[in-house]
Each structure stands twice: as C-alpha cells, then as structure tokens.
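The values are calculated or read from the model by the stated rules, or taken from the named source; none is laboratory data. Predicted model only: the values in this text are computed from it and were never measured. Neighbour counts are summed over all protein chains in view; Cβ atoms, including those assigned to glycine, are modelled from backbone coordinates with ideal geometry. Just so you know, the surface numbers come from the protein's heavy atoms only, side chains and all, with ligands and any DNA or RNA stripped out. Shrake-Rupley method; radii C 1.70, N 1.55, O 1.52, S 1.80 Å.
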Amino acid sequence: MLLMVLLAVWASLRPAARSSRGSRAALLWGGGVIFPLSVLIALLVYGHYPDGKAGGAAHGPPFRVQVHAHQWWWEVRYPDAGPVASGKDAPYDVNELHIPVNRPIHVELTSEDVIHSFWAPRLGGKMDAIPGRVNRLELMASEPGVYLGVCAEFCGAQHAHMAFRVVAHDGPAWLARQRPEDGGDPARVAERDRP
Amino acid sequence: MTQTLSPWARHRALERDWGSPKGWRSLSAVNHTVMGKRFMLAALAFFLVGGILALLMRAQLASHDSAFLDSELYSQIFTMHGTLMMFLFAIPMLEGFAFYLLPKMLGARDLAYPRLGAYAWWCYLFGGSILLIAMLLGLAPNSGWFMYTPLAGSEYRPGINSDVWLIGITFAEISAVCGAVELVATILKVRAPGMGLNKLPVFAWYMLVTAGMILAGFPPLILGSILLELERSLGWPFFDVARGGDPILWQHLFWLFGHPEVYIIFLPAAGMVSTMVPVFAQRPLVGYVWVVNSVIAVGFLSFGLWVHHMFTVGIPQLGMAFFSAASMLVAVPTAIQFFAWLATLWSGTVKWGVPMLYLAGFLFVFVIGGLTGVMLALVPFNVQVHDTHFVVAHLHYVLTGGLIFPLLAACHYWLPHITGRMPSGRMGSVAFWFIFIGFNLAFLPMHLTGLFGMPRRIYTYVQDMGWDALNQASSLGAFIQAVGFAIFLLDVMLFSRNGPLAPRNPWKAGGLEWAMATPPPSYNIASQPQVMDREPLWATPALGAQMAAGRHWLAQPSPGHRQTLSVDVVTGTPSAVLHLPGPGWLPLYSALTTAGFFLCVLFKLYAVSLGFAGLTLVLFLFWTWQGVVSARRITARDEVRLPAHGQVAGAPGWWGMASALIADGALFASLVFGCWYLRLFAPGWPTSGWTPVPWSMSIALCAGFLFMGMSAGRAGLAAFHEQTGRARGWLAATVSVSLLLLAGIAVLAVGMPDPTSHASAAAMRVLSVYMGLHAGLASVMAAYVLRRSWDRRAGIALDLSILRLWLRYTAVSGIVGVALLMYFPGVAL
C-alpha cells in the first residue's frame, strides 16, 4: 500500500524523463500480475488451512446449544444437558447461553421469523439464523466469563436491541449449574449417572 | 459540391435539422447532449437527497443513546440512502456521462436510438419520483437496500413500503437496461469511419463492458423483484419456507445482481480515469491492450463472486473456498489497470490541475478500499467483520474512491466542454481538500468501529462500548465532506455562468470530443473525420478546423434528415448512413403509460394495469413504424455512396434486439436457476400435488416452437428472392402458430395447481406466463412485419432479421420451458 502511494507520488512529481518500453512492461507484469498473484495465493492458503490452535486445549465431546431467533429475542435450549429430573422443565434460557469452558460448542441456529445473525465477537465469527434451516456455528470459550453478543443481520425495528450474553463456566460451576440437585459434586453426579 | 457551403452556412443548415425545440416543447427533445445533461442533473438531485440522508444518519450516530431519530425513521433513511446512491445516483450519473460523451468521443452525431434514450430518462425520473414521494409521505421502504426476505415480505412488512421499492426500482432498472442497449448498439455500430475496435477510445471499451454487464446483471434482480412482488400481492410463495420457498433464493438473485453492480459502477469511473490520466501525463495510455483485456476480465469475473456477500448463511466449505479465490482473483485485473495508470504518469510529466488532484485522491482512496476488499475475501476474516461498520468503511472506500473522486475529476475536466467556461482552480482545490479530509476522517476510523464490534444498521448504541469517540470523528468527517461538496457545487454553478471562456481543447487532450466548439452544437461535428489514430487530436491538431470546414464524411447537410454513419463492428469501415429520428412525444407518452402500469400494480388495480401495458405496446408499435427512409443510396463523401441503414444486414436495430435478448435471456436463465435452486435446496420439496404435462401436449408445443424458429428464416429467404407473396405466407403462418401456442400455454396454465399452494406451482405458473408472453409478442411482431410488407418504400429485410432473432429466441426458451414443465417438479432426484 505504502509502496503504491510512494510510487504514485514519485511518478507524478519527478522531472520529465522518458522511460524505456522495457521498464513499463516490467511495471505492468510485476505490479499487475506477479505481485498480486503471489500475495493472494499465500493469503488464500493461509486463510483456508485449518490451523487447529483456536483457543486452549479442547476436551470432551461437543456440547450442543439450540438457539431459535425471534423478533427480537433469542430462545436457548440445551439438548445435551443430560436427563431432566421428573417434574422439572428442561433447561431453557432467554437471551443467555450458558456453556462449559474448553469444550467445543455447537450452536445450532434457526429462526422462527425473519433472518437474524448470531455474533459473539470475542468467541468467533457470525452465523445467520434462517427460517427453515439449521446452521451450525462452532465456537469455544477458553476462559470463564461473560461474552457479549448481538444480532448482526438487520431484522426490523428493534434490531439494535437484540443483544445476548454467553456465560462460560469452568468445571465445578458448570456442574453445579447442570445438576443443582447434586450440589455440583462430581462424585455424586458420577454416582447417579451410573446405569 | 461540399465545398460550396461556408462553415457558417453548414452550421446553420445542420442546426436546423438537429436543434432541439425550446420552451415547453423541449420535453420532446431526444438529442444525446440534452438527454445526457438531463440524466446528470437528475442524478445530481438524487445524490443531494442521498447525501442529506447520510448526514441525518451521522447526526444520529454521533453519540450514544441519541434520541434524534427513532428506529422506524432510521430504517427508512438507511434504506433510502443505499437505494438512492446505488440505483438513482451512480448508474444514471454514469449513463448520463456516457450519453453525453460517447457520440462525441466516437466521432458521431448522436446515439443509435435517441428516442430510447429519452424514454430511459423519463422511466428513470418517474421511477425515482415514486420513491421520493413515498419518502416524503413517510412510506419509504424500510427493509434495507438489500430487501432480504422474509423481512421484506408481506407478513413482516404489511405496508406499502416494500412495494414502493420493488416497483420504483424495477421501473428505474428498465431505464438502465434501455440505456445499456443504446450504449452497446452505439459503441459497436455508430462511430467515425476508420475507428476499428483497436482504435476505440478506452472509455468506450469500459462502457461497452459495463453495458454488457448491465444487460446480464440487472435481470436477476428484476426477476427477483417480480417474484417478491408476486408473493407480496398474490401470495405466490417463492420465498416462504412453509410453502416450499426459500429466503436464500432472494439473496442469490439479489447478489447475482449486486456484485456485478459494484463493478458496473466502478468500471465507467475507471474509464474516466484511463481517459484523463494520459491527458495530464501528455502521453498515450501505457498498455492499452492490457487495460482493455483486464476490463473484459473484470466483467466476466464479477459474475463469479456474488456469494462472498453470503459467507455467513451456511454455504459448504468448498463453495466458500471457490468464491473466496474468485473474489481475490479480481484484484489482478484491477492491479493491472492501476499499474497502467502509474506507468502512464511515470512515462510523462504530470501537469497538476484540479482534475489531477481528484485523480490522486482516487488512487490513494481506492488502494485502501482494494486492500480491505482482499481482507474481506478471506473467509475467516469475513465472518468476523461481515455486517459491521468495517464493511461500511470498505464499501465507501471502494465506491467513493472508485466513483466519486473520478467523477469529481471528470466534472472539472469536462465542465468546459459542457458549459464552454473554465471552472476556478482555487475553489476547486479548496473543495477537494475538504472532501478528501472529510472523507478520510469519516471512514478511516469506521474500520476500527467495525473491528470493535459495532454492527451495521443499528439506530442506536449504548455507552461503554468504546464506540463513542470513533463515531464522533466519523460524524464530524461527514459534515466536513458535506461542506466540501457544497463548495464544489457553488464553484460549478458560479463558473458555468460567469467563468472565463474556455479555449479550444483546454487540457490539450487527444480525444475527438475536444475537436468541436464548446459548448457543443446540437449536431456535434459538421463532418465525421476519418480516424487513423487512438488520439486523433494529438496526431492531427488541426482536425477540428478541418471537420468544421466540411473536409470529411457527411459534410453535405440533407435537409429534414439527421444523418450519421454506421460502421463495420470490427474494422470501422463505413457501411451505411443512419437516419436518426428527431424530437417527438412518443418517448414521453410511452413512459407515461409505463408509469401508469407500474402505479396500478402498486395500488393493486391489476385490470387497469393490463390496459396500460397494452397501451404501451401499441405506442411502441407506432414508435417503430416511424422512421422510414426513402433514399436508397446517399452520398457520404465525394465518390462514396452508401445505402441507408434499413437496407443492410447487421444494422444498429439488429444489434439493439440482440442486446435486448441478452437481457431477456439473463432473465430466463435466472428463472431457470431459481426453479432448480428451489428444487434442490429449499425445504419442503419435492411436492406431491403435481400432475405432469401430458406427452401429447408437450410434443405439440415443441413442434409449434420449432416451426416458429424456422418460419422467419423461410420468410427472410423468400423476401430476399423478392417472392413477396411467399414471404407473406410464412409470416401469416407464424402469426397463426404463435396464437395457437399462446392458446395451448393458456390451457396448460389453467390446468395447473393453485399457485398459492406451493412454490413449485407458483414457479410453473411464472414459467408458463413467460412462454405465453413471448409467443403472444411473437404473433404481434409477425403481424406487424406482415402489415409492413405492404409499405413499399421501406424494405422489410431489417424487420425480418429482427423478427428472426425474436422468434428463434422464443423457440429455444419455449422448448427449455416445456422440458422444465414436464420433468421438473414431480421427479424425485
């Protein structure tokens, strides 16, 4: 970029001198073809080569979160949250996703009305929520904490206010949340899950 | 004989034939200089409205939790800003420049179809007015300029707002497509003798590619708009998931148009740069062939990258890699042009003037826009910043850098041509610095705003996001830029009235447009030069005086006629003398009935709208009926006698029909694409409620279409051998077969399932309407040529060759349509 501007300034300000045909052809070939092609190929390979070092070390199977977008709120369900105790409702959140840290999260997105887009900038890219289809967004939080998210696709009057939070919990806090009746004690959870 | 007239007498004689009427009758003018200026003025008005809307948005976003605009108003404003700038400013402004300049650069006296140009202007004005009036009434479209479904559909936008967009924009697009047909036929056929393709002014190459892109790129959106309007008003579900539609189909159709659109805007501006840079370097453009080829490459590549606007809708990985690579590849031909400009500046000595200042601004801004473009082509980066203010910054760098700066340079550069007066250098450079600094202050920080996570199209934001200071800077920059534009306009207005008179060829340019008096006379040039060089005025500085003295082609005025030469497409050898129509009211009347049609659709008066459509067709038939040429051979130069254009194959009329059919074919291809897309990807397919078309019916239809494809050729052959009776027989047969086809398709359509039940039924209904419409028009056109064969003075060779194009197209598209109707919906893949 800087090079181009400098070249342009130099070209326009320097005193009159006729350059040879050869140097003009070199400028066209070098600047117009070889330079952009080499840079672009390098970028393309870099961009599409999976680097596998996104965040910390992942462990455990992917944890699924189903997100249904509505005008103008997010409905969140957890199919992988384990068996639901009788007489209790399955875990359900509005405008909040609760996830474990260091575990791959598969957010399954769909929309109940118009097209929305799910975006938590610090956790990854965005993915559209489209009526009639389910899109999967893979993300992972390597630190516990609260991550802010917004709707990124214009979806009507309250688009600007369609925000959500992703809360990442580390081990004990996650278990406590998953199994409040077990008080978050790993031993008791394991005990009860035994067939 | 030509030497007997003095230059002054020749001027007066030509002015009598070419002058446009004054006063209220000037509404009937068709001359390209007048129409070009009207296009530019109207586009300027829309630009000012769009600019004010941008300032309103920046005022709203200058601080957090601002209560200046509410959400609904803000939605209308950003939708209208994008719509106005893209559809009603950029394209018409560039077409206006092309209308004004091209005949002058090509050494011709007018465009190929002056009346079509006038019709295009009226369509544009009426279509744009529908949008502006709706905005004043508070009913402006409010779903974004991209109109994504289902948000723009009737369930979530029950008001008239979306219909205003769909109908107003389709109306304005008709204007753009008419303009493109006009430009293609003009650049290919209406030039000065000797101007072969290798001597074409580089701006004409850019406009030829641009016009081709409009022909192929606008129909997908026109189709999308028709389908969405059908869904909104009649309930035919193309985008409704519950009934077999898919909202993503809209996105494909929209961006199939939308990405080429970016290059449709950039290429003409780049063509202006390629025209001006050599003048300020006083050296011919380095690498003319390179530049032309890279422009053609951009034209083709731009149709292969639309999906990069859709990286977040859930496209398979391989598809994303392909479109990412294609998006990057387009940087190569752009870089070639960039370095060709640098090399041109390099090889000469740069004369600094206000236009050169804007060109320097363009080079700087556009490189930044190009680099962020390459960044956006990378998928991992794209999914992060897509739909944030980073993209807003990028697109303004590309479009403002790629369009506004060259355009301002072009205004200064060609203003002496239009007004005959020189603009002020001092005020021009003051305006430049305001615009340049304001622009960068507005949009450079916006990259950061986007990287800090601010999404697009939000009307407000809360404190503590870290966006406040950046947004304030952007708003301040926007207002500084606005001041710059105000100074620029003031400069232009003051100096076009009171500035010093411009000398002949003030920039010492080499192009033919400077070989005439300024402001230009209505006929442009008193005689058409023999072109032997790419920069004729550098090769022969006295060319202008020679032309005015009538030392070249068509120097002898032919009272009552507007004549210009038509040349061979490749070599530029003159082949015929074109007789162009003068002022008339038909363009305005046809545009009025077209407006009547669109307004009735808007207000859901469908029966009346059909009446207006029929009336428009009748007016078009009257329109083509005029323009009869009596003289069989005209003296174009001493000893050289040429036929009138109606007697030659490959006249501009044929090229116009061929260009129009490219657009029609692109529309049909989009329809076929839409059907297959729904069939393969929409949820809710295949459908059970479909009974296939009976074999007997489809064989009969195909046979009819085959006959139609053949009959015009037979009629042409008979006419060529002067067997008039036989030619009439074939034409009469064509009329009856087309009517039978129309009836057959109507029977078929009536037997189809209810189009509101499922997308397949709706798609099939649209397909049959398309086929029926073409068959019906074929019968009208064949009947027209049949009637015309009794009109002895006008030979029907040209009419027959145009009819043949239409019939063959109808035959091919009809057979494809029948095949689709038979096999498409019921078969499980």
Can you give me the number of residues within the stretch B:309-329 that are over 22 Å from A:Thr110 (Cα atoms) and open to solvent by less than 10 Å² (accessible area, probe 1.4 Å)? 2
Does any residue of the stretch A:149-172 turn out to be modelled with pLDDT of 90 or more, within 11 Å of chain B (Cβ to nearest Cβ) and closer than 16 Å to A:Val65 by Cβ? yes
Quick one: which helices (runs of 4 or more DSSP H) lie wholly within the stretch B:376-457 and hold at least 1 residues that are within 11 Å of chain A (Cβ to nearest Cβ), in contact (Cβ under 8 Å) with a residue 24 or more places away in the chain and small (Gly, Ala, Ser)? B:425-451
Hey, could you check the stretch B:139-148 for residues that are touching a residue at least 60 places away in the same chain (Cβ under 8 Å) and more than 8 Å from chain A (Cβ to nearest Cβ) and say which is nearest to A:Gly156 (Cα to Cα)? B:Asn142
Looking for whichever is assigned to a helix (DSSP H, G or I) and either out of contact with any helix residue (DSSP H, G or I) (no Cβ under 9 Å at 6 or more places or on another chain) or small (Gly, Ala, Ser) (or both) here; the options are B:Gly179, B:Gly159. Which one fits? B:Gly179
Condition check: open to solvent by 70 Å² or more (accessible area, probe 1.4 Å) and of a type in the set (S, T, N, Q). Does B:Thr573 satisfy that? yes
What number goes with the only condition from (1) more than 30 Å from B:Ala108 (Cβ to Cβ); (2) open to solvent by 20 Å² or more (accessible area, probe 1.4 Å) that B:Leu228 does not pass? (2)
Any hit, the stretch B:710-722, residues being within 25 Å of B:Pro755 (Cβ to Cβ), modelled with pLDDT of 85 or more and not in a loop (DSSP other than H, G, I, E, B): no
Would you point out the residue of the stretch A:116-138, among those that are within 8 Å of chain B (Cβ to nearest Cβ) and of a type in the set (A, V, I, L, M, F, W, C), that is surrounded by the fewest Cβ atoms within 10 Å (Cβ to Cβ)? A:Met127
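Table: residues versus (1) of a type in the set (D, E, K, R); (2) within 30 Å of A:Arg133 (Cβ to Cβ); (3) part of a helix (DSSP H, G or I); (4) in contact (Cβ under 8 Å) with a residue 60 or more places away in the chain.
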site	(1), (2), (3), (4)
B:Leu223	no, yes, yes, yes
B:Leu228	no, yes, yes, yes
B:Arg232	yes, yes, yes, yes
B:Gly258	no, yes, yes, yes
B:Ala270	no, no, yes, yes
B:Thr275	no, no, yes, yes
B:Pro278	no, no, yes, yes
Taking the stretch B:38-64 as the region of interest, how many residues are small (Gly, Ala, Ser) and farther than 19 Å from B:Thr449 by Cβ? 5
Got a number for residues in the stretch B:672-722 being without any contact (Cβ under 8 Å) to a residue 12 or more places away in the chain and either open to solvent by less than 30 Å² (accessible area, probe 1.4 Å) or of a type in the set (Gly, Ala, Ser) (or both)? 3
Taking the condition over 27 Å from B:Cys411 (Cα atoms), at the interface with chain A (Cβ under 10 Å from one of its Cβ atoms) and of a type outside the set (A, V, I, L, M, F, W, C), does B:Gln317 pass? yes
Answer yes or no as to whether B:Leu588 is touching a residue at least 12 places away in the same chain (Cβ under 8 Å) and in contact with a Leu (Cβ under 7 Å, 6 or more places away or on another chain). yes
Filter the stretch B:242-254 down to residues that are more than 9 Å from chain A (Cβ to nearest Cβ) and not in a loop (DSSP other than H, G, I, E, B) and give me whichever is most open to solvent (accessible area, probe 1.4 Å). B:Arg243
Candidates B:Leu767, B:Leu741, B:Leu777, B:Leu731, filtered to the one that is hydrophobic (A, V, I, L, M, F, W, C), surrounded by fewer than 17 Cβ atoms within 10 Å (Cβ to Cβ) and either closer than 18 Å to B:Leu805 by Cβ or modelled with pLDDT of 90 or more (or both): B:Leu777
(1) touching a Pro at 6+ places or on another chain (Cβ under 6 Å); (2) modelled with pLDDT of 80 or more all hold for A:His70 apart from (1)
When you scan the stretch B:543-559, how many residues do you find that are in a helix (DSSP H, G or I) and surrounded by 18 or more Cβ atoms within 10 Å (Cβ to Cβ)? 4
Right, B:Val531: part of a loop (DSSP other than H, G, I, E, B), open to solvent by 40 Å² or more (accessible area, probe 1.4 Å) and under 14 Å from B:Met195 (Cα atoms) or not? no
Kindly establish whether B:Leu476 is of a type in the set (A, V, I, L, M) and either within 30 Å of A:Met162 (Cα to Cα) or at pLDDT below 90 (or both). yes
When you check B:Phe323 against the structure, is it at pLDDT below 90, in a helix (DSSP H, G or I) and away from chain A (no Cβ under 11 Å), yes or no? yes
Of all residues being buried (at least 23 other Cβ atoms within 10 Å of the Cβ) and among the hydroxyl-bearing types (Ser, Thr, Tyr) in the stretch B:335-361, which is farthest from A:Ala152 (Cα to Cα)? Just the residue, please. B:Ser347
Just checking, does the stretch A:89-99 include any residue being farther than 26 Å from B:Ser143 by Cβ and out of contact with any strand residue (DSSP E or B) (no Cβ under 9 Å at 6 or more places or on another chain)? yes
Any residue that is away from chain A (no Cβ under 14 Å), open to solvent by 10 Å² or more (accessible area, probe 1.4 Å) and over 30 Å from B:Thr571 (Cβ atoms) - is there at least one of those in the stretch B:293-304? yes
Just the residues that are at the interface with another protein chain (Cβ under 8 Å from one of its Cβ atoms) and assigned to a helix (DSSP H, G or I), please, taken from the stretch B:338-355. B:Phe338, B:Phe339, B:Ala340, B:Leu342, B:Ala343, B:Leu345, B:Trp346, B:Ser347
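What about B:Phe239, is it touching a Leu at 6+ places or on another chain (Cβ under 8 Å) and in a helix (DSSP H, G or I)? Outline the logic, then answer.
Working: touching a Leu at 6+ places or on another chain (Cβ under 8 Å): yes; in a helix (DSSP H, G or I): no.
No: the conditions fail for B:Phe239.
Yes/no matrix, rows are residues, columns are (1) away from chain B (no Cβ under 14 Å); (2) surrounded by 14 or more Cβ atoms within 10 Å (Cβ to Cβ):
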{"site": "A:Val94", "(1), (2)": "yes, no"}
{"site": "A:Pro100", "(1), (2)": "yes, yes"}
{"site": "A:Pro104", "(1), (2)": "yes, yes"}
{"site": "A:Val114", "(1), (2)": "no, yes"}
{"site": "A:Met140", "(1), (2)": "yes, yes"}
Give me the helices (runs of 4 or more DSSP H) completely within the stretch B:52-138, filtered to those with at least 3 residues that are touching a residue at least 40 places away in the same chain (Cβ under 8 Å), out of contact with any helix residue (DSSP H, G or I) (no Cβ under 6 Å at 6 or more places or on another chain) and more than 28 Å from B:Pro581 (Cα to Cα), ordered by residue number. B:71-83
